[in-house]
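To start, the structure under review is shown below, and the notes come after it.
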Amino acid sequence: MEANKPVTTSTEQPQPIRCKAAVCRKPGEPLIIEEIFVAPPMPREARIRIVCTSLCHSDITFWKMREPPAIFPRILGHEAIGVVESVGEEVTEITKGDIVIPIFLADCEECIDCKSTKSNLCSNFPFQISPWMLRYANSTRFTDLNGDIIHHFMFVSSFSEYTVVDIANLLKIDPAIPPNRACLLSCGVSTGVGAAWKTANVEPGSTVAIFGLGCIGLAVAEGARLCGATRIIGVDIKPEKFDIGKKFGVTDFINSGECENKSVSQVIIEMTDGGADYCFECVGMASLVQEAYASCRKGWGKTIVLGVDKPESMLSFNCNGVLVQGKTLMGSLYGGLKPKSDVPILLKRYMDKELMLDEFVTHEVEFKDINKAFDLLVNGECLRCVIWMDK
């Protein structure tokens, strides 16, 4: 049976498609490119032909993970762009041929949270690391050639030539936008820019400190720059990150490994005469969350948590300190962005040459070389590697 072709029958309804996917069968081992079957979309779903996808640290995290919510075999990938191949029943928002980006965070546009300007956390479809489809429990659209199921990842699973995504996780976009740039807004860049723009609401003239200058940290810097921050302090253990950070508006750099007998928070407090207005933790370490909180100014300082630590990690704060210092500590999922209303704004700002996206893409590879993309990110040699499915 020829790959990438629907199984032929006499009906005009969508049929299973046989295609290639990069399957994660064991934790930490190279992905295996194999042929699979992708079932037709169910009601309120669409089947997407992936054009290109990019690799995020969340993919690396769950690729390595051995304990639940890890599960195998699984198709990873969640930053992507594609073309609608077919739609299930009750889908009116998109049609065959539309260009869409899948976004792991649902936006049903109907619940109290999706209608509110105060939240991007959908009540009808709360975010979870599920191996199943969004609205069909214990249901997958992937099977291998033996008929055994393959699990989904973050409701996207873009490391496959075709995937099935719920309509609540799909955003139709302008086909004029370059696909290897639009895919970045599925997760990482949107998360960072949104955290500065929507979650923290960074004000013009303010001071920002960013802990960790990976892709998300640099995206925070870009968001802070767009918001008018005048001082953006980058904190990292790699001094070469400063030169990279300058492209995105970083004005000062602290090498956290060379602070001698001072903590990073002490250095920031001295640099800023009292602490930064906004601090962002972009690594995923409880100790850094506490250091970022200590670095923000009393009275109005905000600390935003973006990094993903182990599920069992705990934070510890002095109750009296929390009371008298008047600071704010908050998490930010997907940068506080509402996928279907805020992401189009970011796409427009890119097309208007205001938002930088090009600078985040440091490597591009063919689908057959997807494991090379993993090596690049694991070794810290890239910000984002775009994986083209058909080149």
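Look at region 70-96: where a residue is among the aromatic types (Phe, Trp, Tyr) and a partner is outside any loop (DSSP other than H, G, I, E, B), sitting 6+ places away or on another chain with Cβ atoms under 8 Å, you get Phe72/Cys24; Phe72/His151.
Where the second residue is modelled with pLDDT under 95 and open to solvent by less than 40 Å² (accessible area, probe 1.4 Å) and the first is over 29 Å from Val378 (Cα atoms) and in a strand (DSSP E or B) and lies in region 18-44, which pairs have Cβ atoms under 7 Å and are six or more apart or on separate chains? Partner pairs satisfying both residue conditions: Arg18/Ala3. Among the conditions (1) assigned to a loop (DSSP other than H, G, I, E, B); (2) out of contact with any Ser or Thr (no Cβ under 7 Å at 6 or more places or on another chain); (3) at pLDDT 95 or above, Glu258 misses just one, which is (3). The residue that is surrounded by the most Cβ atoms within 10 Å (Cβ to Cβ), counting only those in region 269-283 that are under 24 Å from Gly335 (Cα atoms) and in contact (Cβ under 8 Å) with a residue 40 or more places away in the chain, is Phe280.
For region 219-241, residues that are open to solvent by 50 Å² or more (accessible area, probe 1.4 Å), within 24 Å of the chain's Cα centre (by Cα) and of a type outside the set (D, E, K, R) total 1.
The residue pairs whose first member lies in region 361-386 and is closer than 21 Å to Gly28 by Cβ, whose second member is at pLDDT 95 or above and among the aromatic types (Phe, Trp, Tyr), and whose beta carbons are closer than 8 Å, counting only pairs six or more residues apart or on different chains, are Val365/Trp388; Phe367/Trp388; Ile370/Phe159; Phe374/Trp63. Reported count of residues in region 38-75, each being more than 19 Å from Asp309 (Cα to Cα) and open to solvent by less than 10 Å² (accessible area, probe 1.4 Å), is 11. Scanning region 46-73 for residues being in a loop (DSSP other than H, G, I, E, B) and closer than 20 Å to Glu161 by Cα gives a total of 4.
Among the residues of region 201-218, just one is surrounded by fewer than 24 Cβ atoms within 10 Å (Cβ to Cβ) and hydroxyl-bearing (Ser, Thr, Tyr), namely Ser206. For region 121-169, the set of residues classified as open to solvent by less than 10 Å² (accessible area, probe 1.4 Å) and outside any loop (DSSP other than H, G, I, E, B) consists of Phe142, Ile150, Ser160, Thr163, Val164, Val165, Asp166, Ile167, Ala168, Asn169, listed by residue number.
Tallying residues that are part of a helix (DSSP H, G or I) and either within 16 Å of Gly214 (Cβ to Cβ) or aliphatic (A, V, I, L, M) (or both) within region 225-249 yields 8.
The one condition from (1) assigned to a loop (DSSP other than H, G, I, E, B); (2) β-branched (Val, Ile, Thr); (3) at pLDDT 95 or above that Val83 does not meet is (1).
Taking (1) out of contact with any Cys (no Cβ under 8 Å at 6 or more places or on another chain); (2) closer than 19 Å to Met285 by Cβ in turn, Ile210 satisfies each apart from (1).
Scanning region 9-52 for residues that are modelled with pLDDT of 95 or more, out of contact with any helix residue (DSSP H, G or I) (no Cβ under 6 Å at 6 or more places or on another chain) and among the β-branched types (Val, Ile, Thr) returns Ile17, Val23, Ile32, Ile33, Ile36, Val38, Ile48, Ile50. Whenever a residue of region 304-318 is under 17 Å from Val283 (Cβ atoms), its partners that are among the hydroxyl-bearing types (Ser, Thr, Tyr) and in a loop (DSSP other than H, G, I, E, B), lying with C-beta atoms within less than 7 angstrom and at least six residues away or across chains, give the pairs Ile304/Ser332; Val305/Ser332; Leu306/Ser332. Within region 329-341, the set of residues being more than 16 Å from Leu226 (Cα to Cα), open to solvent by less than 20 Å² (accessible area, probe 1.4 Å) and outside any helix (DSSP H, G or I) comprises just one member, Ser332.
Being within 29 Å of Asp369 (Cα to Cα) and either in a loop (DSSP other than H, G, I, E, B) or more than 18 Å from the chain's Cα centre (by Cα) (or both) is a condition met by at least one residue of region 185-194.
A quick yes/no check of all residues on (1) over 19 Å from the mean Cα position of the chain (by Cα); (2) surrounded by 13 or more Cβ atoms within 10 Å (Cβ to Cβ); (3) basic (Lys, Arg); (4) within 23 Å of Ala195 (Cβ to Cβ):
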site: Phe317; (1), (2), (3), (4): yes, yes, no, yes
site: Val324; (1), (2), (3), (4): yes, no, no, no
site: Val343; (1), (2), (3), (4): no, yes, no, yes
site: Asp352; (1), (2), (3), (4): yes, no, no, yes
site: Val361; (1), (2), (3), (4): no, yes, no, yes
site: Phe374; (1), (2), (3), (4): no, yes, no, no
site: Leu383; (1), (2), (3), (4): no, yes, no, yes
site: Val386; (1), (2), (3), (4): no, yes, no, yes
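The values are calculated or read from the model by the stated rules, or taken from the named source; none is laboratory data. Worth saying up front: this structure is predicted, and the values here are computed from it rather than measured. As a convention, Cβ positions derive from the backbone with ideal geometry for all residues, glycine included, and neighbour counts pool all protein chains shown. Areas reflect the complete protein model, heavy atoms only, side chains present, ligands, DNA and RNA absent. Shrake-Rupley method; radii C 1.70, N 1.55, O 1.52, S 1.80 Å.
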